[in-house]
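> What follows is a structure written as structure tokens; I'll ask about it next.
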Amino acid sequence: MEYTAPSSASGWADAALATRARDIQGRIAKAARSAGRPPTSVTLVSVTKTIPVERILAAAALGLTVFGENRVQEARDKRERLDALAQSDPSVARLMTQTRWELIGHLQTNKAARALNLFDRVQSVDSVRLAEALNARAVALGRALPIMLEVNAGGEASKSGFAPHEVESAARVIATLPALRIEGLMTVAPIVPEPEQARPIFRRLRELRDFLRAAIPLGEQHWRELSMGMSDDFEIAIEEGATLVRIGRGLFGERPAPQQAPEAPLA
Ligand SMILES: *Cc1c(COP(=O)(O)O)cnc(C)c1O
């Protein structure tokens, strides 16, 4: 990926972000090459949950173009702010035309319509019911929606996603929905002490994708993508075939801890 010099958007220049972005891009390229793949076969999804719009603009000014958000409401608030900034600043407008937005978090069925207005692709389709809601909305809008199926490849009770054994039957139904295009699979691997321990999960996702591609042939545009790997384990994921890596902390630094519920008063 090329880095374009910040233009008049230099007001958002962020030297630490620039250094981290270069480092991450270099490591992605190296992992791809060592797996015998061209670096362009891996797309960096910059995960901007909790990150304010000024830093998203700094990232966009560095040439980062694909952004991942995990909540509809947060994404909507940010997009409204960015649209407002773009109205008064042509350099923001220019940067925004180059961005793509991907939903990577659980989506409630009743928010399908809002998600369609905000995202270019939904990576986190985790039920047939949600797929049907997205399809109905996309049909109404007369557009196609690229999606991915989220798989709970690690089998953790706390995670959303299809169980690996459910994916085939779900995919057969979803493949019949005219406005959706199943582009691949996505997983959030369990948190493990050593990145190497995530390898079997990534491999399982790739094998599952390969199986589905053969079992449910849909054409060139389908089943291409494997979205797997985050800040701590993306190199292992690339070695196992990731085409999309989703990186937040590795680019933007640690996120603030989630807000705690107020503590119960001491007895
Ligand atoms: C937050 C998040 C990421 C990025 O995680 P980091 O550890 O910050 O790289 C990736 N995928 C999903 C689904 C996330 O919610």
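The values are calculated or read from the model by the stated rules, or taken from the named source; none is laboratory data. This one's a predicted model, so the numbers in the text were calculated from it and none came from an experiment. We place every Cβ from the backbone using ideal geometry, glycine too, and count neighbours over all the protein chains shown.
> Could we say that Glu239 is closer than 15 Å to Val42 by Cα, away from the ligand (no atom under 16 Å from the Cβ), surrounded by 16 or more Cβ atoms within 10 Å (Cβ to Cβ) and in contact (Cβ under 8 Å) with a residue 60 or more places away in the chain here?
yes
> Filter the stretch 136-158 for residues that are touching a strand residue (DSSP E or B) at 6+ places or on another chain (Cβ under 9 Å) and over 18 Å from Glu102 (Cβ atoms) and give the result.
Asn152, Ala153
> Does any residue of the stretch 80-94 turn out to be buried (at least 18 other Cβ atoms within 10 Å of the Cβ) and in contact with a strand residue (DSSP E or B) (Cβ under 8 Å, 6 or more places away or on another chain)?
Within the stretch 80-94 (the criterion being buried (at least 18 other Cβ atoms within 10 Å of the Cβ) and in contact with a strand residue (DSSP E or B) (Cβ under 8 Å, 6 or more places away or on another chain)), the answer is no, since none of the residues qualifies.
> Right, another one. Out of (1) at pLDDT 95 or above; (2) assigned to a helix (DSSP H, G or I); (3) touching a helix residue (DSSP H, G or I) at 6+ places or on another chain (Cβ under 9 Å), the odd one out for Thr19 is which?
All conditions are met except number (3).
> So, one more: Within the stretch 171-201, can you find the residues that are under 18 Å from Leu226 (Cα atoms) and among the small types (Gly, Ala, Ser)?
The answer is Ala171, Ala175, Gly184, Ala189, Ala198.
> Something else now. Can you pull out the residues in the stretch 194-225 that are charged (D, E, K, R) and either more than 19 Å from Leu244 (Cβ to Cβ) or modelled with pLDDT under 95 (or both)?
Taking the stretch 194-225 and keeping what is charged (D, E, K, R), we get 194, 196, 199, 203-204, 206-207, 209-210, 213, 220, 224-225.
Passing the criteria: Glu194, Glu196, Glu220.
> Restricting attention to the stretch 212-233, and to residues there that are farther than 17 Å from Val45 by Cβ and in contact (Cβ under 8 Å) with a residue 40 or more places away in the chain, which single residue is surrounded by the most Cβ atoms within 10 Å (Cβ to Cβ)?
In this case the residue turns out to be Trp223.
> Additional query: Would you check if there is a residue in the stretch 100-121 being crowded, with 20+ Cβ neighbours inside 10 Å, polar (S, T, N, Q) and either within 16 Å of the ligand (Cβ to nearest atom) or within 28 Å of Pro164 (Cβ to Cβ) (or both)?
no
> Another question, if that's okay. Which ones in the stretch 24-64 are out of contact with any Gly (no Cβ under 6 Å at 6 or more places or on another chain), under 16 Å from Trp101 (Cα atoms), among the β-branched types (Val, Ile, Thr) and surrounded by 18 or more Cβ atoms within 10 Å (Cβ to Cβ)?
Thr43, Thr48, Ile51, Val53, Ile56
> Inspect all residues belonging to the stretch 157-170 and state whether any of them is within 16 Å of Ser227 (Cβ to Cβ) and either of a type in the set (Ser, Thr, Tyr) or touching a Phe, Trp or Tyr at 6+ places or on another chain (Cβ under 7 Å) (or both).
Yes, there is a match, as at least one residue in the stretch 157-170 is within 16 Å of Ser227 (Cβ to Cβ) and either of a type in the set (Ser, Thr, Tyr) or touching a Phe, Trp or Tyr at 6+ places or on another chain (Cβ under 7 Å) (or both).
> Moving on to the next point. Do we find a residue being in contact (Cβ under 8 Å) with a residue 60 or more places away in the chain and more than 14 Å from the ligand (Cβ to nearest atom) anywhere in the stretch 67-85?
No, that holds for no residue.
> With respect to Ser169, determine if the residue is within 13 Å of the ligand (Cβ to nearest atom) and among the hydroxyl-bearing types (Ser, Thr, Tyr).
For Ser169, the condition - within 13 Å of the ligand (Cβ to nearest atom) and among the hydroxyl-bearing types (Ser, Thr, Tyr) - is not met.
> Oh, and also: When you scan the stretch 69-85, do you find a residue that is under 15 Å from Ile247 (Cα atoms), within 19 Å of the chain's Cα centre (by Cα) and of a type in the set (Gly, Ala, Ser), even just one?
Just the residues of the stretch 69-85 that are under 15 Å from Ile247 (Cα atoms), to begin with: 69-70.
Right, trim to within 19 Å of the chain's Cα centre (by Cα) and you get 69-70.
After this cut, where a residue has to be of a type in the set (Gly, Ala, Ser) as well, the list is none.
No, the stretch 69-85 has no match at all.
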